[in-house]
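**Q** What follows is a single structure, and I will ask about it in a moment.
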Amino acid sequence: MALENYIRDIQDFPKPGIGFKDITPLLGNPDAVKECMELLLKNLKDKNIDKVVGVESRGFFFATLLAYELNAGFVPVRKPNKLPYETISSSYELEYGMDTLEVHIDGIKKGDRVLIHDDVLATGGTAAAVCELVEKLGGEIVQCNFLMELSFLNGRNKISQCDIYSPLVY
């Protein structure tokens, strides 16, 4: 199945000059979702993942499914003031500005084996911030996986210490 056929390009979103990769057509197709899950899981079966971290908000779609399939807990990483309990935060640069992410202080315990999932690896700022949060809490990052990687933005360089996997590379 050619998953790229289920990714819609939206020009000038969220601001002029940005080419946005819309995954909603993929999410609307059960066969495409099943194919994505098989690809994202293919090298994780024997990795003993304790927690799957999903990044707000499009990372939540597959992260919860991955957590279910891996019999692991799901940990949301969200924008500021969206989580109700005590958090730690990390700020980062993205391709169109600055942002901050937060995670509950008890979401990951020291020694937890963690899979980080987001929909896209672009400049790597978001992924690096999430890695920082996981490491601050004592988690061991097993893999960072993404539905797609925009390789021309070199985001992989910011998380080069991690095992990185993405079934779609642009």
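**Q** Since Asn81 meets every condition but one in (1) polar (S, T, N, Q); (2) in contact (Cβ under 8 Å) with a residue 40 or more places away in the chain; (3) in a loop (DSSP other than H, G, I, E, B), which condition does it not meet?
**A** Result: Asn81 fails condition (2) only.
**Q** Condition (residue is surrounded by 14 or more Cβ atoms within 10 Å (Cβ to Cβ), under 26 Å from Asn5 (Cα atoms) and among the β-branched types (Val, Ile, Thr)) applied to region 151-165: is it met by at least one residue?
**A** yes
**Q** Moving on. Within region 1-72, which helices (runs of 4 or more DSSP H) (wholly inside it) include 2 or more residues that are over 26 Å from Val103 (Cβ atoms) and open to solvent by 80 Å² or more (accessible area, probe 1.4 Å)?
**A** Numbers: elements: 24-27, 30-41, 59-69.
Ranges flagged: 30-41.
**Q** On to the next question. Return a yes/no flag: does region 102-109 have any residue that is at pLDDT 95 or above and under 18 Å from Ile18 (Cβ atoms). Step through it out loud before you land on a result.
**A** We begin by selecting, within region 102-109, every residue at pLDDT 95 or above; these are 102-109.
Next, from what is left, pick out any that are under 18 Å from Ile18 (Cβ atoms): none.
Among the residues of region 102-109, not one is at pLDDT 95 or above and under 18 Å from Ile18 (Cβ atoms), which makes the answer no.
The values are calculated or read from the model by the stated rules, or taken from the named source; none is laboratory data. As the structure is a computational prediction, the values presented were derived from the model and not from experiment. No Cβ is skipped: glycine too gets one built from the backbone with ideal geometry, and neighbour counts run over all protein chains shown. Each accessible area value is taken on the protein alone, full model and side chains, heavy atoms only, with ligands, DNA and RNA left out. Shrake-Rupley method; radii C 1.70, N 1.55, O 1.52, S 1.80 Å.
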